[in-house]
Amino acid sequence: MSTDLESLYQQVILDHARKRSGFGLSDDAVARHHELNPTCGDEITVGIAVDADGAISTLGWEGQGCSISMASASTMSELCADRDTQEVRGLIADFRAMLRNRDGDEPPEALEDAVAFQGVSRFVMRIKCAMLGWVALEACLDQIAAQDASA
């Protein structure tokens, strides 16, 4: 990765860590999940609601932690709000695969600003920080799917 691109990605992460998109939990959320990284103490709670068409109508989060975990949750909320739940599951899988890839393969363009976290894959201890909000969102989607299956 070029130095200019790394600088741009660092700036995206810092910007999202300072100005957090989607921060705050809504009373409209019908599924909530809390994740904790016991290694560093980062924690995030994600809350969502899904409309009748299967799109995420509410997506909010609260938490505290390092710039990587907070910025990752911020980019996640921008990327995943108002999208179909199956599409969101695909984005979660793409993000996870990008963080596991140490070969420098190009990340999917669908990840938009979340590609800024590609460099995190070089720091194994930071991968969980970047994944924290995404794992909580995935658990919320599982809760919604379980509610739909039992209805």
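The values are calculated or read from the model by the stated rules, or taken from the named source; none is laboratory data. This is a predicted model, so every value here is computed, not measured. Reconstructed Cβ throughout: ideal geometry from the backbone, glycine too, with neighbour counts over all protein chains shown.
I'm checking my understanding of the structure. Among residues of region 124-141 that are β-branched (Val, Ile, Thr) and within 19 Å of residue 9 (Cα to Cα), which one is surrounded by the most Cβ atoms within 10 Å (Cβ to Cβ)? I'd like the intermediate steps shown before the answer.
Applying the first criterion (β-branched (Val, Ile, Thr)) to region 124-141 yields 124, 127, 135.
Checking which are within 19 Å of residue 9 (Cα to Cα) leaves us with 124, 127.
Numbers: 124: 10, 127: 17.
In this case the residue turns out to be 127.
Restricting attention to region 112-151, the residues that are aliphatic (A, V, I, L, M) and over 14 Å from the mean Cα position of the chain (by Cα) add up to 7.
Being surrounded by 21 or more Cβ atoms within 10 Å (Cβ to Cβ), in contact (Cβ under 8 Å) with a residue 40 or more places away in the chain, in contact with an Asp or Glu (Cβ under 7 Å, 6 or more places away or on another chain) and under 17 Å from residue 114 (Cβ atoms) is the requirement here; does residue 68 meet it? Talk me through it step by step, then tell me what you get.
Values: surrounded by 21 or more Cβ atoms within 10 Å (Cβ to Cβ): yes; in contact (Cβ under 8 Å) with a residue 40 or more places away in the chain: yes; in contact with an Asp or Glu (Cβ under 7 Å, 6 or more places away or on another chain): no; under 17 Å from residue 114 (Cβ atoms): yes.
In short, no.
Picking from residues in region 66-90 that are touching a Gly at 6+ places or on another chain (Cβ under 7 Å) and not in a helix (DSSP H, G or I), the one that is nearest to residue 133 (Cα to Cα) is 81.
Of the conditions (1) free of Cβ contacts under 8 Å to residues at least 40 places away in the same chain; (2) in a loop (DSSP other than H, G, I, E, B); (3) under 18 Å from residue 131 (Cβ atoms), residue 93 clears all except one; give me its number. For residue 93, the failing item is (2). The residue that is modelled with the lowest pLDDT, among those in region 1-22 that are in a loop (DSSP other than H, G, I, E, B) and either over 16 Å from residue 59 (Cα atoms) or among the β-branched types (Val, Ile, Thr) (or both), is 1. When you look at residue 51, is it surrounded by fewer than 17 Cβ atoms within 10 Å (Cβ to Cβ), in contact with a Ser or Thr (Cβ under 7 Å, 6 or more places away or on another chain) and at pLDDT 95 or above, yes or no? Considered against the rule, which asks whether it is surrounded by fewer than 17 Cβ atoms within 10 Å (Cβ to Cβ), in contact with a Ser or Thr (Cβ under 7 Å, 6 or more places away or on another chain) and at pLDDT 95 or above, residue 51 comes out as yes. The residues in region 23-54 that are under 16 Å from residue 131 (Cα atoms), assigned to a loop (DSSP other than H, G, I, E, B) and touching a strand residue (DSSP E or B) at 6+ places or on another chain (Cβ under 9 Å) can be counted, and the count is 3.
Residue-by-condition table, conditions (1) touching an Asp or Glu at 6+ places or on another chain (Cβ under 7 Å); (2) assigned to a helix (DSSP H, G or I); (3) modelled with pLDDT of 95 or more:
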| residue | (1), (2), (3) |
| --- | --- |
| 106 | no, no, no |
| 115 | no, yes, no |
| 120 | no, yes, no |
| 126 | no, yes, no |
| 130 | no, yes, yes |
| 133 | no, yes, yes |
| 137 | no, yes, yes |
| 144 | no, yes, yes |
| 149 | no, yes, no |
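Restricting attention to region 101-123 and to residues that are without any contact (Cβ under 8 Å) to a residue 24 or more places away in the chain and surrounded by fewer than 13 Cβ atoms within 10 Å (Cβ to Cβ), the residue that is nearest to residue 68 (Cα to Cα) turns out to be 123.
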